[in-house]
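The values are calculated or read from the model by the stated rules, or taken from the named source; none is laboratory data. Just so we're clear, the structure is a prediction, and the values are computed from it rather than from any experiment. All Cβ positions, glycine included, derive from the backbone under ideal geometry; neighbour counts span all protein chains shown. Just the protein is used for accessible areas: all its heavy atoms, side chains included, with ligands, DNA and RNA removed. Shrake-Rupley method; radii C 1.70, N 1.55, O 1.52, S 1.80 Å.
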Amino acid sequence: MKKIYTLLAMISLCFASAMAQVIYTTNFSTEDDFNTWTVFDVNGDEKTWQFDSYGEPSKVFYSYHSSNAANDWLISPAITSTQTGSLAISLRVKGSSYGEKLQVFYGNSATVEAMTTQVSEVLALNDSETTYLYLINVTANEPIYLGMHACSDADKWRLYLCEVTAQFTTNPVDLSVTEISSPISDFNLTQES
């Protein structure tokens, strides 16, 4: 099922890309890219979002703590559209087999208090890279800031933020799967998971 959701997100992004203008993108390839974002170690345990030039699959990740649950934020620089409409926000993330958690918010400044609009429910991540796509309504020349809220339980592993892209789109298409019907009888169909 996850492969189907990922495929649909990628198809939707392709359609949106055909009529889209990239406003912001980063894959955190340099420490300077990371330093344009703001880190908030809310629980004060000194285990928070960080940059590691040798990190894989991303150089940016939320690090492990054996006893504290994650409650730390990584907030983007200002993302400003010159038009009123929809931003397609694409995130590529990866967890581990331990099961990390992430929420996505946005607000009107680079502070935790400003992260008032929730974009995603808690994302339960695993050890495969996954792309998520969200649509956000924006007003021309009013900046927004994306907030990545690490909210993993204690004693998990790393949560990687691999890539973030914001594209203005004039024809947003939001797709989701509501049901999949799969026949259980016919040639070789009983082998499906």
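Compactness of segment 107-172 is given as radius of gyration and Dmax, 14.0, 43 Å, from Cα positions. In this structure, residue 170 and residue 29 have a Cβ-Cβ separation that, at R0 = 25 Å, corresponds to a calculated FRET efficiency of about 0.30.
Label sites at residue 109 and residue 56, each approximated as a point 7 angstrom past Cα along Cα to Cβ, lie 4.2 nm apart.
Taking a sphere under 15 Å around the Cβ of residue 63 and counting the other residues whose Cβ falls inside, with K and R at +1 and D and E at -1, yields a net charge of -3.
Place the peptides 146-152, 30-36 in order of packing, highest mean first, counting for every residue the other Cβ atoms within 10 Å and averaging per peptide.
Numbers: 146-152: 23.7, 30-36: 13.0.
Going from most to least packed, we get 146-152, 30-36.
So, with a 1.4 angstrom probe, what is the percent of accessible area on segment 95-168 that is carbon and sulfur? Present the calculation step by step, with values, prior to reporting the outcome.
Numbers: 1370 of 3170 Å².
Here carbon and sulfur together make up 43 percent of the probe-accessible area.
With no solvent and one equal point scatterer per Cα, compute the Debye intensity ratio I(q)/I(0) for segment 50-148 at 0.10, 0.15, 0.22 Å⁻¹ and report its log10, rounded to two decimals. Each listed q corresponds, in turn, to -0.31, -0.67, -1.27. Starting from the Cα of residue 139, move 7 Å in the Cα-to-Cβ direction to define the label point; list residues of segment 109-125 whose amide nitrogen is under 14 Å from there. From segment 109-125, the list is 109.
3J(HN,Hα) couplings calculated from phi for segment 146-154 with the Karplus curve 6.51 cos²θ - 1.76 cosθ + 1.60 (θ = phi - 60°) are, in sequence order, 8, x, 9, 9, 6, 9, 5, 5, 5 Hz; Gly and Pro show x.
For segment 39-82, run through the chymotrypsin sites (Phe, Trp or Tyr not before Pro) and keep only the ones in DSSP coil with at most 13 other Cβ atoms within 10 Å of their Cβ.
On the way: sites: 40, 49, 51, 54, 61, 62, 64, 73; in loops: 54, 64.
Loop-located and lightly packed - 54.
Evaluate the distance, in nm, between pseudo-label points positioned 7 Å from the Cα of residue 66 and of residue 84 along their respective Cα→Cβ axes. Rounded to a tenth, the inter-label distance reads 5.5 nm.
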